[in-house]
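Scroll down for the structure; my scribbles are underneath it.
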Amino acid sequence: MVDLGFGAAPWTAVELADRLGRVRSDVRVVGVEIDPARVEVAAPFARDGLTFRTGGFEVPLDGADATVIRAMNVLRQYDESEVPEVWARLVSRIEPGGIVIDGTSNEVGRIASWVTLTTDGPSTFTISLRLADLERPGIVEERLPKALIHRNTPGERIHALLGELDRQWSYSAGFSAFGEQQRWLQTVSALKTSGWPVTGDRRRWRLGELTVPWASVAPA
Ligand SMILES: C[S@@+](CC[C@H](N)C(=O)[O-])C[C@H]1O[C@@H](n2cnc3c(N)ncnc32)[C@H](O)[C@@H]1O
């Protein structure tokens with residue numbers, strides 16, 4: 001598991017090693033950063049199953065392929081035109097059955113979205129929102145992956161999805177009486193009924209998530 005571009009502090013890599021270690025004692029998390037000073041800051045947190053190293057999209061793993069490459073808030077610093085090449089490079093670094101996660105979030109991770117990629121190409125698009133205090137789900141428009149953030153305009157599929165999501169959230173307002181989670185579940189169910197190819201089940205939706213196939217939001 002690679003935490004690519006882990007940032008100024010290694011907390012996400014440390015947390016991944018902690019959490020994944022509970023379900024897979026043999027998990028190895030590697031924090032990779034292009035900024036050597038950040039790797040130095042992270043170095044004292046290295047331990048069994050958690051290492052840090054300097055590197056970029058080539059994802060140096062001493063010849064091994066990754067099972068998962070997570071790149072949160074990394075591609076947003078790049079130009080939209082660079083995304084296809086970066087995706088291809090990252091996908092070339094995963095093993096068969098592995099995934100790349102290219103996502104964007106706000107600072108505390110309460111508004112997030114990501115694209116997953118497999119060796120077959122872009123696979124899914126997910127929105128993940130903290131439901132408490134959520135004014136409207138379309139707020140995720142500020143935190144879309146680089147491949148979509150400039151495409152939230154009329155005529156684009158992502159624009160249609162976010163519009164419909166806000167509409168269904170508004171229609172579902174009455175469900176707030178039972179809690180924001182119920183309102184979200186109703187919103188997602190209604191979105192599905194309206195024809196959007198929503199995947200997953202209530203177990204994931206309950207977390208404030210919504211996943212659709214990439215093809216249903218890919219730029220026109
Ligand atoms: C905005 S920070 C995000 C940190 C953390 N992942 C998060 O979500 O809070 C982006 C980080 O990506 C690193 N970065 C930028 N390009 C990179 C690349 N090609 N390979 C690895 N890291 C990169 C930067 O040095 C920076 O630390």
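The values are calculated or read from the model by the stated rules, or taken from the named source; none is laboratory data. Please read these numbers as outputs of a predicted model, since none were measured by experiment. When we count neighbours, we look across all protein chains shown, and the Cβ atoms used for this are built from the backbone with ideal geometry, even at glycine. Note: areas computed on protein heavy atoms with side chains; ligands, DNA, RNA excluded. Shrake-Rupley method; radii C 1.70, N 1.55, O 1.52, S 1.80 Å.
Looking across ARG38, ARG70, one residue alone is of a type in the set (Lys, Arg), open to solvent by 20 Å² or more (accessible area, probe 1.4 Å), at pLDDT 95 or above and not in a helix (DSSP H, G or I). It is ARG70. When LEU129, LEU117, LEU75 are screened for being open to solvent by less than 20 Å² (accessible area, probe 1.4 Å) and within 12 Å of the ligand (Cβ to nearest atom), only LEU75 passes. Does THR12 satisfy being farther than 17 Å from ALA147 by Cα, surrounded by fewer than 19 Cβ atoms within 10 Å (Cβ to Cβ), under 20 Å from the mean Cα position of the chain (by Cα) and modelled with pLDDT of 95 or more? In short, yes.
Among the residues of segment 124-178, those that are within 17 Å of the chain's Cα centre (by Cα) and of a type in the set (S, T, N, Q) comprise THR124, THR126, SER128. Selection of first residues in segment 46-73 that are without any contact (Cβ under 8 Å) to a residue 60 or more places away in the chain and among the aliphatic types (A, V, I, L, M) and of second residues that are open to solvent by less than 30 Å² (accessible area, probe 1.4 Å) and near the ligand (Cβ under 8 Å from one of its atoms), restricted to Cβ pairs under 8 Å at least 6 apart or on distinct chains, gives the following pairs, ordered by first then second residue: VAL59/LEU4; VAL59/VAL32. Considering each residue of segment 98-110 in turn, at least one proves to be free of Cβ contacts under 8 Å to residues at least 60 places away in the same chain, farther than 19 Å from TRP214 by Cα and open to solvent by less than 50 Å² (accessible area, probe 1.4 Å). Could you check segment 78-93 and list, in sequence order, the residues that are buried (at least 19 other Cβ atoms within 10 Å of the Cβ) and either near the ligand (Cβ under 9 Å from one of its atoms) or among the aromatic types (Phe, Trp, Tyr) (or both)? Once the filter is applied, which keeps residues that are buried (at least 19 other Cβ atoms within 10 Å of the Cβ) and either near the ligand (Cβ under 9 Å from one of its atoms) or among the aromatic types (Phe, Trp, Tyr) (or both), segment 78-93 yields VAL86, TRP87.
If you filter segment 18-29 down to residues that are open to solvent by 10 Å² or more (accessible area, probe 1.4 Å) and touching a residue at least 24 places away in the same chain (Cβ under 8 Å), you find that the one that is nearest to GLY56 (Cα to Cα) is ARG28. Quick check, is GLY63 within 10 Å of the ligand (Cβ to nearest atom), part of a loop (DSSP other than H, G, I, E, B) and surrounded by fewer than 17 Cβ atoms within 10 Å (Cβ to Cβ)? Taking the combined requirement at face value, the residue does not satisfy it.
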